[in-house]
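Q: First the structure, then my questions, so here it is.
Quick note: the coordinates plus some simple rules give every number you see, no bench work behind them. Nothing here was measured: the structure is a model prediction, and the numbers come from that model. No Cβ is skipped: glycine too gets one built from the backbone with ideal geometry, and neighbour counts run over all protein chains shown.
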Amino acid sequence: MSYLIKGETADWELVIGLEVHAQVISNSKLFSGSATSFGADPNSHVSLVDAAMPGMLPVINAHCIDQAIKTGLGLNAVINRHSVFERKNYFYADLPQGYQISQFLHPIVGEGMLEIQLKDGSIREIAIERLHMEQDAGKSIHDKDPRRTYIDLNRAGVCLMEIVSHPAMYTPEEAAAYVRKIRSIVRYLETCDGNMEEGSMRADVNVSVRKFGETGLRTRTETKNVNSVRFMMQAIEFEAQRHVEVWESGGEVKQETRLFDPDTGETRPMRSKEEAHDYRYFPDPDLLPVELSEAQIDAIRSAMPELPDEKKRRFMAELGLSAYDADVLVAERETANYFEIVAKGRDAKVAANWVISNLFGALNAADKDISNSPVSAQNLGKLLGLMANETISGRIAKEVFEIMFETGSDPEKIVQEKGLKQITDSGAIEAAVDQAIADNPDQADEVRQGNGKAIGWFVGQVMQKTQGKANPQAVNKMLRDKLST
Amino acid sequence: MSLDTDTVRKIAVLARIKIDDEKLSPLASELNNIIGWVEQLSEVDTDGISPMTSVAEMTMPVRADVITDGDCEDRVLANAPQKVAPYFTVPRVVE
Amino acid sequence: MTQANELTITEARDALIAGKLSATELTQSCLDAMAKAGELNAFITETPELALERAAQSDARIAKGESRGALEGIPVAVKDLFCTKGVLTTAASHILDGFVPEYESTVTENLRNAGTVMTGKTNLDEFAMGSANVTSYYGPVKNPWKLDDGKDRVPGGSSGGSAAAVAAHLSLAAIGTDTGGSIRQPASFCGIVGMKPTYGRCSRWGTVAFASSLDQAGPMTKTVRDAAIVLQGMAGHDKKDSTSAPVDLPDFAAAITGDIRGMKIGIPKEYRIDGSPAEIDAIWRKGTDMFRDAGAEIVDITLPHTKYALPTYYIVAPAEASSNLARYDGVRYGLRVDGDSLDEMYENTRAEGFGDEVKRRVLIGAYVLSAGYYDAYYVKAQKVRSRIAEDFKKAFAQVDVILTPTAPSTAFAIGEKMDDPIAMYMNDVFTVPASMAGLPCLSVPGGLGDDGLPLGLHLISKPFDEETLFRAGDVLEKQANFTAIPAGWGAGQ
């Protein structure tokens, strides 16, 4: 797990803190009644409140508060009964009010904790400092005109949750696992769609380095708005390397805001953020504090779905899955739900194997995901049932699965129509075995002389003769009986 | 605490108000007078007193999560001093 | 004979109901008076056509027996801080050049629904920041009251245009906004009634914000009863304003009974300030006597933190204003002065668009909120504000109403106190403390000062107890029998 950067003078350790911005799933904006949906015509999802017309006032969306509480509970965090919206004052073209309504001293969610699993199987707990609610800004479009920037306020005022970790991650892998885990949780909770491409989830990445053994933190840089896990890892690696080079050459890392360029994999200082920040936070006098009752929090808690960690523990304890399989299956709520339908009343390990290897393989190859899988969970379950009751063999099952993937058909129908039912009649199998032995006397002798491997070849011959419909175990056993000396 | 011209320049940048250099010094002394005057508040014993941010003794009202607004680009853009509909425009920003 | 524009609302209403006067005639007489009073500069925008159109609608409703009540057909002048759909709204600032709102403020919408006729948008201090109406981009307003020295007096501020319009009978009533005294102090300077309701009584939606935790709209009228009637038309809970109080509206005018026997009137000793002119003490004593004569009980009370209210205000209000005025950036409305970069455009626009007093307050506000100073100034001020509010709470355990002078002087000449911001701020020394606590207040003309200019008496009551305020104010008004009028305006010429 250690991630050390070899420098000229020392080994350097990396320290990462993340601010994940997650767009809350809601119909309307945090403080206005305009729509939040993505992809609308420019400035069509904008009210006079969003455009900060003189005298316009904010009124909070109750659902956004509930979503933040729900997410906080999902992050095993303290829900603060009293929280306050403050104004973060700065000028920017896509910030119509000249301030962002955010939470500062009194966020709605306090300390929390997230468990992540790394590739080597180890588990780490990442401490979360807080979650607060805030308004998103609009969009500045720079590529429409060489002299002007265009402003679209559709996103302005959409509710974001900013989830702030402690500087408690030490490798790019941990940061990636952390972001994936948050994504998984908010998707389970349906508080954020986790769509990084559309920007509904993005991260500000704080990176610093320190000599191995140092306990304090050195100056950090913040790389803004990174919108994929892969880019985030690249940005971290680039920044870490850059910091080490700066320190080692006797320089000082400057505390600054940077941008990641996906084309080069590099970061650069953000020009528009050069001046020193002084956000002059103060409680928004247009709003009152958010006061929550224990009953309100309890009602949300009691309606929480089972989350990935719990589900994983259940899959391992009750269904006997390996930690790895369980982890893969619980990452997405849809996958877990799919798996549970497939596994219901069936061998869970076989089900896990089919979902992870066969289904995921096919989906990947077809560039589809589980939500639009041609094979429904019910049908995959039926297929497993056909194997379990020996209607078809594993080999035939794979064939049937391919047809199912192409056509979306019911496996029972496919087996019926194509006549793929397994031959269990021992008379028919014996005839095929006898035939195979008779046709291949030399090979039969080899087996008799103790070449165990050749028996596999015979199984293949028999299966071929029966178009794969013979039960391979039965074939194997009969061959051994007949060829034993 | 007193405001020197550098501080005034700094807060003028924060507030995005251009102040000509020759006006900085008179402005600083004006603002200093005001700041000096408000500093009499330090005489008041406020130990254990919580700050009052609102006089409204009520809980914050909330609204239901329904779409009730928007779809009014024309009204939103009606007063824009410069625009290329349906966008507002500003001098080009380099990020 | 009294001209229509000189009537009180109560009188005009009776005439309208009796069919002796039409809303159109009433409106026309105000428009005529406005046309002759251009010198006062009370209006930034006059809306005669709109007014006549609405007056005609009122007449039609009255004819059909569908009158909307006491305010049907009554001309009202609107401070140009309220956004009015389709009518230029400037906040008296260059930065809102050409801004024509696509919406109507809740207060003016309510008044319109009550049947009032808007005659125009009145002048004010830029963004309501001032106490003399001398910071308007559209020039100063003159007080209709004149003295023989030939100097023009200020009308007070920031609702100076509204006060002047009512005092000069250009309108039967006007509405203003009050953040630290902006309705009450000009009412005192112009010899009219000015009322600031409890914070939360009138919606702030659609009113250009100065200091959100203090701003409150209110009526400016010729009589206390008229103020009650206009407030009835303006106020009410508004779901669009999170600080609007979800409380029912009582019948304010019904509270005016003429009987205040046994009412406890508090006299706070801290309002007696060193160096204050004798005439202020005199008017205050006169007010006390009038209450005593009417059967009220006079109680000496203490509001220990009174002297700190004004400096507290000059931290809190600029802090909020610095943030509220950030939206005037040349992008979505109003003035834009170009620059080579976005920041240059902002800086040029705001440098040219804001006047000196606004800049001063925006800078003070940014400073007291900035890193390293926030606790020392802003948080400290909010704590002192708590103490001020506590003082009032304790006092109202003893009394029903508090009586103080409204302003520390009569109207001064235009040009005075211009180079001394703090001297100008002192105008609000008596009005600001109650604003900090969000309390309802009423200024009633009490008499004339030594120079023959009007002086107001200031009443404060408990939160949402405007009824007691109106009842007490009405008695004071009758006792004072303030009949003086500024010469040369309205019909008297």
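Q: Okay, helix-only estimate at 222 nm for the protein assembly as shown: each DSSP H run of n ≥ 4 adds -39500 (n - 2.57), divide by all residues, round to 500 deg cm²/dmol; what do you get?
A: -11000 deg cm²/dmol
Q: Between residue C:247 and residue C:61, what is the FRET efficiency for a Förster distance of 30 Å, r being their Cβ-Cβ separation, to the nearest 0.05?
A: Efficiency computed from Cβ-Cβ geometry: 0.55.
Q: Starting from the amide H of residue C:120, placed 1.01 Å from N in the peptide plane, find each other amide H under 5 Å away whose residue is 5 or more places distant or on another chain.
A: C:47, C:78
Q: Within chain A, which is the longest segment containing none of the trypsin sites (Lys or Arg not before Pro) that sit in a DSSP loop and have at most 14 other Cβ atoms within 10 Å?
A: A:148-253
Q: Just to confirm the filter: which trypsin sites (Lys or Arg not before Pro) across the stretch C:104-195 are DSSP coil and have at most 14 other Cβ within 10 angstrom of their Cβ?
A: Those that pass, being in a loop and sparsely packed, are C:151.
Q: I've got another one for you. Please state, as a whole number in µm²/s, the translational diffusion coefficient that the Stokes-Einstein equation yields for the stretch A:306-418 at 37 °C and 0.692 mPa s, with Rh defined as the Kirkwood radius across alpha carbon pairs.
A: Once the numbers are plugged in, D ends up at 233 µm²/s.
Q: Counting other beta carbons within 10 Å of each Cβ, put C:166, A:328 in order, fewest first.
A: A:328, C:166
Q: Considering only C-alpha atoms, what is the centroid distance from the stretch B:21-95 to the stretch C:213-287, in Å?
A: What the calculation gives is 29 Å, centre to centre.
Q: Related question: What percent do you get for the relative contact order of chain B when only Cα pairs under 8 Å and 6+ apart count? Intermediate results must be reported in sequence, preceding the final value.
A: Details: 30 pairs, mean separation 16.6, N = 95.
Over chain B, the number comes to 17 percent.
Q: List the GluC sites (Glu not before Pro) within the stretch A:1-57 that DSSP assigns to loop and that have no more than 14 neighbouring Cβ atoms inside 10 Å.
A: Working: sites: A:8, A:13, A:19; in loops: A:8.
Hits after loop and neighbour filter: A:8.
Q: Report, by chain and number, residues whose modeled amide H sits under 5 Å from the one on residue C:407, excluding near sequence neighbours (fewer than 5 apart, same chain).
A: C:456
Q: For chain A, take the longest principal axis of its alpha carbons; what is the angle in degrees between that and the long axis of helix A:377-388, to the nearest 10 within 0 to 90?
A: Taking the Cα atoms of chain A, the angle to A:377-388 is about 30 degrees.
Q: Using the structure shown, select from C:196/C:478; C:196/C:264; A:418/A:465; C:79/C:307; A:29/C:380 the pairs with a Cα to Cα distance greater than 23 angstrom.
A: C:79/C:307; A:29/C:380
Q: Which of the lysines could be linked to residue C:151 by a straight reach, that is with a Cα gap under 17 Å, when you skip same-chain ones fewer than 8 residues away?
A: Candidates past the 8-residue exclusion: C:142, C:417.
Q: For residue A:382, go through the lysines and keep the ones whose alpha-carbon is under 16 Å away, minus same-chain ones fewer than eight residues off.
A: A:344, A:349, A:398, A:413, A:421
Q: Let's test the formula: R0 of 56 Å, r as the Cβ-Cβ distance of residue A:303 and residue C:292. What FRET efficiency results, to the nearest 0.05? Each step should come with its number before you reach the end.
A: Details: r = 64 Å, r/R0 = 1.14.
Between residue A:303 and residue C:292 the formula returns 0.30.
Q: Oh, and also: How charged is the neighbourhood of residue A:392? Take every other residue with its Cβ under 12 Å from the Cβ of residue A:392, and add Lys/Arg as +1 and Asp/Glu as -1.
A: On the way: positive: A:382, A:395, A:398, A:418, A:421, A:469; negative: A:390, A:399, A:412.
That sum, taken over residues with Cβ under 12 Å, equals +3.
Q: Would you mind pulling out the separation of the Cα centroids of the stretch C:171-185 and the stretch C:290-316, in Å?
A: Each part reduced to its Cα centre gives a spacing of 20 Å.
Q: Calculate, in nm to one decimal, what residue A:360 and residue A:482 gain on full extension: separation in residues at 0.36 nm each, minus their alpha carbon distance.
A: So the chain would gain 39.8 nm between residue A:360 and residue A:482.
Q: Using 0.36 nm per residue, how much length does the chain from residue A:310 to residue A:378 gain when fully extended, once their Cα-Cα distance is taken away?
A: That pair, residue A:310 and residue A:378, stretches by 22.1 nm at full extension.
Q: What angle, in degrees between 0 and 90 and rounded to the nearest 10, separates the Cα long axis of helix B:5-14 from the longest principal axis of the Cα atoms of chain B?
A: On a 0 to 90 degree scale, this one is about 20.
Q: How far apart, in nanometres, would the label points at residue C:487 and residue A:166 be if each is projected 7 angstrom from Cα along the Cα-to-Cβ direction?
A: For the pair residue C:487/residue A:166, the computed spacing is 8.1 nm.
Q: For chain C, calculate the relative contact order in percent as a whole number, restricting contacts to Cα pairs under 8 Å that are 6 or more residues apart.
A: Reported relative contact order: 18 percent.
Q: Which whole-number percent is the relative contact order of the stretch A:426-483 (Cα, under 8 Å, 6+ apart)?
A: 42
Q: In which sequence would C:192, C:9, C:265 go, from the one with the fewest C-beta neighbours within 10 Å to the one with the most?
A: C:265, C:9, C:192
Q: Averaged over peptide C:76-89, how many Cβ atoms belonging to another chain are found within 10 Å of each residue's Cβ?
A: Values: counts 0, 0, 0, 0, 0, 2, 1, 5, 0, 0, 0, 0, 0, 2.
The shielding value for this peptide is 1.
Q: How many angstrom lie between the C-alpha centres of the stretch C:372-394 and the stretch C:52-114?
A: 38
Q: 7 Å from Cα along Cα→Cβ at both residue C:68 and residue A:249: what's the point-to-point distance in nm?
A: The modelled label-to-label distance comes out at 7.2 nm.
Q: A further question follows. In terms of the Cα gyration tensor, with a ≥ b ≥ c the square roots of its eigenvalues, is chain C rounded because a/c is under 1.5, prolate because a/b exceeds b/c, or oblate?
A: rounded
Q: Also, quick follow-up: Using a Förster distance of 56 Å, how high is the FRET efficiency between residue A:390 and residue A:195, based on the Cβ-Cβ distance and rounded to 0.05? Present the calculation step by step, with values, prior to reporting the outcome.
A: On the way: r = 44 Å, r/R0 = 0.78.
With a Förster radius of 56 Å, E is 0.80.
Q: Which whole number gives the average, over all residues in C:30-37, of C-beta atoms from other chains lying within 10 Å of the residue C-beta? Mind dumping the intermediate values first?
A: Working: counts 0, 0, 0, 0, 0, 0, 0, 0.
The shielding value for this peptide is 0.
Q: Rank the residues A:95, A:73 as a footprinting-exposure proxy: fewest other Cβ atoms within 10 Å of their Cβ go first.
A: The fewest-first ordering by Cβ neighbours comes to A:73, A:95.
Q: Starting from the Cα of residue A:266, step 7 Å along the direction of its Cβ; do the same at residue C:147; then give the gap between the two resulting points in nm.
A: Here the modelled spin labels are 7.4 nm apart.
Q: Tell me whether the protein assembly as shown comes out rounded, prolate or oblate; compute the Cα gyration tensor, take square roots of the eigenvalues as a ≥ b ≥ c, and use a/c under 1.5 as the rounded threshold.
A: Prolate.
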